[in-house]
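Peer 1: One structure is given below, represented as structure tokens, and several questions about it will come after.
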Ligand code: NAP
């Protein structure tokens, strides 16, 4: 019997590729950058399953191009704001993602950005590489303490809560959060306090974004939000670039409205080389690497391929977004 046809939009970890090649009639896009839209729509034609990254726009056109035999879209990420889930549902196509296994790695990335921004680590590294370091400087490179500060977490879900544990348990921070629903367990374990978004902005020394990008959260960090924040606040975003309005963030960092930022996500990704955000010494940026550890990416591959196989068989997915 012929194997189900699958397209994978980028090369993933080797263990995942081995399994894909064993279980499916698979084509894997090998380039370092995603396929163009036209090529993508051509490649998915006749597929029973597609393994997607957040760079692919999965909409009516995508689903139409794939054809009626398409059974499952398996996203290699927890976030799926690039997928029109309703359009897939209407056609009876399952949509899977990879929650949980990337929680620790992404929370660690948020903390790495926070501590690196607070201690001006990247600026210091560049200072040395540019030959500027002449001697120990009593007034040079002065940053922020973390111990005992107030951290505001927007979206106390899996990653938000794990980040909160590090802040509370390791650095004795006061945890504020805003979320759609209350989190009584976190309130108890972490003495976390649920507040309105505006109050969180006003009271927090550090603000870290961990909500998914949806209609409510898209652009929620705009000029008005940055204006409410403390002038020495540090803004961390490891969720999605579209949650902050990037020109407003640039303005806030340039004018001293806020102190610094650490981003694992930008809008767009990657930023163009003349984007002002790349000129700011108080903004450090990582290339969307929150989940980029070996064990995390292996675990994501396991779930994503399980989702593909189960969806093609018409069975419930291991992790379904609906
Ligand atoms: P999750 O457990 O679903 O947490 C998301 C949280 O956001 C939920 O608690 C939700 O609240 C909250 N939320 C939604 N809308 C909100 C709003 N308007 N205001 C405040 N909170 C709101 O998801 P997760 O696994 O922690 O992942 C979170 C996001 O991180 C993903 O969606 C993805 O975009 C991003 N991410 C990035 C990377 C990276 O590489 N940088 C890696 C993994 C994930 P309720 O619980 O009340 O619904």
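Peer 1: Suppose the filter is on the phi < 0 side of the Ramachandran plot, within 13 Å of the ligand (Cβ to nearest atom), in contact with a helix residue (DSSP H, G or I) (Cβ under 9 Å, 6 or more places away or on another chain) and at pLDDT 95 or above; does residue 181 pass it?
Peer 2: For residue 181, the condition - on the phi < 0 side of the Ramachandran plot, within 13 Å of the ligand (Cβ to nearest atom), in contact with a helix residue (DSSP H, G or I) (Cβ under 9 Å, 6 or more places away or on another chain) and at pLDDT 95 or above - is not met.
Peer 1: Could you check segment 152-166 and list, in sequence order, the residues that are over 12 Å from residue 179 (Cβ atoms) and more than 6 Å from the ligand (Cβ to nearest atom)?
Peer 2: 162, 163, 165, 166, listed by residue number.
Peer 1: When you look at residue 257, is it surrounded by fewer than 17 Cβ atoms within 10 Å (Cβ to Cβ) and away from the ligand (no atom under 12 Å from the Cβ), yes or no?
Peer 2: Taking the combined requirement at face value, the residue does not satisfy it.
Peer 1: Return the residues of segment 74-108 that are out of contact with any strand residue (DSSP E or B) (no Cβ under 9 Å at 6 or more places or on another chain) and in a helix (DSSP H, G or I); say none if nothing qualifies.
Peer 2: Hits for segment 74-108 are 86, 90, 103, 104, 105, 106, 107, 108.
Peer 1: Have a look at 209, 175 and point out the one that is buried (at least 20 other Cβ atoms within 10 Å of the Cβ), within 23 Å of residue 277 (Cα to Cα) and in contact with a strand residue (DSSP E or B) (Cβ under 7 Å, 6 or more places away or on another chain).
Peer 2: Testing whether each residue is buried (at least 20 other Cβ atoms within 10 Å of the Cβ), within 23 Å of residue 277 (Cα to Cα) and in contact with a strand residue (DSSP E or B) (Cβ under 7 Å, 6 or more places away or on another chain) leaves just 209.
Peer 1: Does residue 19 qualify as being under 15 Å from residue 300 (Cα atoms) and more than 24 Å from the chain's Cα centre (by Cα)?
Peer 2: So residue 19 fits the description; yes.
Peer 1: Can you spot a residue in segment 282-291 that is over 26 Å from residue 104 (Cβ atoms), at pLDDT 95 or above and surrounded by 14 or more Cβ atoms within 10 Å (Cβ to Cβ)?
Peer 2: Yes, segment 282-291 contains at least one residue that is over 26 Å from residue 104 (Cβ atoms), at pLDDT 95 or above and surrounded by 14 or more Cβ atoms within 10 Å (Cβ to Cβ).
Peer 1: If a residue has to be in contact with a strand residue (DSSP E or B) (Cβ under 6 Å, 6 or more places away or on another chain) and touching a residue at least 40 places away in the same chain (Cβ under 8 Å) to count, how many in segment 1-38 make the cut?
Peer 2: Adding up the residues that qualify gives 7.
Peer 1: Within the group 73, 128, 44, 83, which residue is modelled with pLDDT of 95 or more, over 24 Å from the mean Cα position of the chain (by Cα) and buried (at least 18 other Cβ atoms within 10 Å of the Cβ)?
Peer 2: Just one listed residue meets the conditions, 44.
Peer 1: If you check 230, 315, which single one turns out to be away from the ligand (no atom under 16 Å from the Cβ), free of Cβ contacts under 8 Å to residues at least 40 places away in the same chain and under 27 Å from residue 91 (Cα atoms)?
Peer 2: One residue alone meets the criteria, 315.
Peer 1: Could you tell me which numbered condition residue 35 fails, if it satisfies all but one of (1) outside any helix (DSSP H, G or I); (2) at pLDDT 95 or above; (3) loosely packed, with under 13 Cβ neighbours inside 10 Å?
Peer 2: Failing condition for residue 35: (3).
Peer 1: Hey, another quick one. In segment 51-60, which residues are touching a helix residue (DSSP H, G or I) at 6+ places or on another chain (Cβ under 7 Å) and not in a loop (DSSP other than H, G, I, E, B)?
Peer 2: Listed by number, the residues that qualify are 51, 60.
Peer 1: Determine whether segment 141-149 contains at least one residue that is over 29 Å from residue 85 (Cβ atoms), within 14 Å of the ligand (Cβ to nearest atom) and surrounded by 15 or more Cβ atoms within 10 Å (Cβ to Cβ).
Peer 2: There is no residue in segment 141-149 that is over 29 Å from residue 85 (Cβ atoms), within 14 Å of the ligand (Cβ to nearest atom) and surrounded by 15 or more Cβ atoms within 10 Å (Cβ to Cβ).
Peer 1: Can I ask one more? In segment 301-322, how many are in contact with a helix residue (DSSP H, G or I) (Cβ under 8 Å, 6 or more places away or on another chain), in a helix (DSSP H, G or I) and closer than 25 Å to residue 108 by Cα?
Peer 2: 3
Peer 1: A follow-up question, please. If we only count helices (runs of 4 or more DSSP H) wholly inside segment 137-254, which ones have 2 or more residues that are within 22 Å of the chain's Cα centre (by Cα)?
Peer 2: Ranges flagged: 158-165, 197-203, 223-228, 246-254.
Peer 1: A further question follows. Kindly indicate whether residue 196 is within 15 Å of the ligand (Cβ to nearest atom), without any contact (Cβ under 8 Å) to a residue 60 or more places away in the chain and within 23 Å of residue 98 (Cα to Cα).
Peer 2: So residue 196 does not fit the description; no.
The values are calculated or read from the model by the stated rules, or taken from the named source; none is laboratory data. Being a predicted model, the structure only gives us computed values, none of them experimental. Methodologically, a virtual Cβ is constructed for each residue, glycine included, from the backbone with ideal geometry; neighbour enumeration extends over all protein chains shown.
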